[in-house]
Amino acid sequence: MARSSARRNLAICGHASAGKTTLVDRLLAATGAVSGSPDVADQTSVCDFDEEEKAHQHTIESSLVHLSHGGTDFNLIDTPGYTDFIGGMIGAISAVDCAVVCVNAHTGIQLNTRRAMQEAERAGIARIIVITKMDDPQANYSDLLDGCREIWESAVPLQVPIGQGESLSGVVSTIDLPSEARGAVMNLAHAHEQLVEKLVETDETLMEKYFEGEMPDHDTLTRLLHEGIANGSVVPVLCASASGNVGLTELIEMLADLAPAPEDITR
């Protein structure tokens with residue numbers, strides 16, 4: 001499906017310590033917007049540049065950065081996650097077309113995860129969940145996905161990890177079922193089924209055909225996915241490890257393809 005324009009305006013949101021700033025820093029490096037490996041821990045972060053932020057190793061004020069990939073220009077706003085500074089997140093959400101809500105694979109869904117999702121829905125913008133830190137030893141993608149789907153009925157897996165924790169080696173899309181990955185990737189077929197069922201729910205005719213055994217083709221699924229994200233009826237769940245540089249290319253390509261352009265959102 002052709003996109004309306006090649007610009008994406010995104011707020012990177014979520015609870016404190018969800019890895020938002022590290023994700024933005026590593027996306028900047030992965031796309032060549034900056035050189036080196038900016039890192040919060042060694043005070044070289046592009047986004048957390050203020051001396052107070054460096055000292056406390058967390059975001060206090062929102063930071064706007066720019067990057068490009070594959071012909072798409074991105075404006076990313078890295079937002080604070082602590083409740084004391086939540087106004088920065090709310091202000092950023094009012095200025096963008098999509099909230100990328102990060103969930104820490106170690107600590108799971110927390111207070112300001114829910115707040116970010118709530119504020120984005122209230123603002124009438126799209127929402128995309130990214131489970132971060134999938135290389136954490138305690139990461140459990142299935143449990144995290146179940147938690148998202150329990151709280152937000154519109155949440156649906158668009159990626160699953162190849163391995164997790166120390167064995168994390170990549171991510172794979174659920175919109176297709178590549179034959180070489182079906183047996184190797186945990187729960188891929190089930191995640192694909194969850195995605196398809198959520199998408200066909202948005203079209204009565206397709207839903208009837210699906211339950212009669214007729215599977216929608218790739219183009220139809222892609223169209224429904226774009227439409228569902230833009231109107232808020234579908235919230236895709238992605239996954240990555242920013243510090244481990246796993247899933248970053250796939251993430252930026254997903255955001256380029258699926259995050260709405262400004263003219264796609266009707267507030």
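Just a few scattered comments:
- Cross-chain or 6+ apart pairs with Cβ under 9 Å, segment 116-131 first and within 14 Å of V96 (Cβ to Cβ), then basic (K, R) and open to solvent by 20 Å² or more (accessible area, probe 1.4 Å): A123/R267; G124/R267; I125/R267
- Of all the residues in segment 212-259, those that are without any contact (Cβ under 8 Å) to a residue 12 or more places away in the chain, farther than 20 Å from R149 by Cβ and not small (G, A, S) number 3.
- Among the residues of segment 81-103, those identified as more than 14 Å from the chain's Cα centre (by Cα), outside any helix (DSSP H, G or I) and buried (at least 16 other Cβ atoms within 10 Å of the Cβ) are G81, Y82, V96.
- In segment 18-51, the residue that is modelled with the highest pLDDT out of those that are touching a strand residue (DSSP E or B) at 6+ places or on another chain (Cβ under 6 Å) and hydroxyl-bearing (S, T, Y) is T31.
- In segment 194-211, the residues that are touching a helix residue (DSSP H, G or I) at 6+ places or on another chain (Cβ under 7 Å), surrounded by fewer than 17 Cβ atoms within 10 Å (Cβ to Cβ) and in a helix (DSSP H, G or I): M207
- Complete set of residues in segment 104-143 that are over 16 Å from G244 (Cα atoms) and either among the charged types (D, E, K, R) or part of a strand (DSSP E or B) (or both): G108, R114, R115, E119, E121, R122, A126, R127, I128, I129, D143
- Within the span defined as segment 177-189, one or more residues are of a type in the set (G, A, S), surrounded by fewer than 17 Cβ atoms within 10 Å (Cβ to Cβ) and either within 16 Å of the chain's Cα centre (by Cα) or in a loop (DSSP other than H, G, I, E, B) (or both).
- Yes/no for E214 being in a helix (DSSP H, G or I) and surrounded by fewer than 19 Cβ atoms within 10 Å (Cβ to Cβ): no
The values are calculated or read from the model by the stated rules, or taken from the named source; none is laboratory data. Fair warning: this is a prediction, and the values are worked out from it, not measured in the lab. A quick note on method: Cβ atoms are made from the backbone with ideal geometry, for glycine too, and the neighbour counts reach across all protein chains shown. Surface areas here come from the heavy atoms of the whole protein model, side chains and all, with no ligands, DNA or RNA. Shrake-Rupley method; radii C 1.70, N 1.55, O 1.52, S 1.80 Å.
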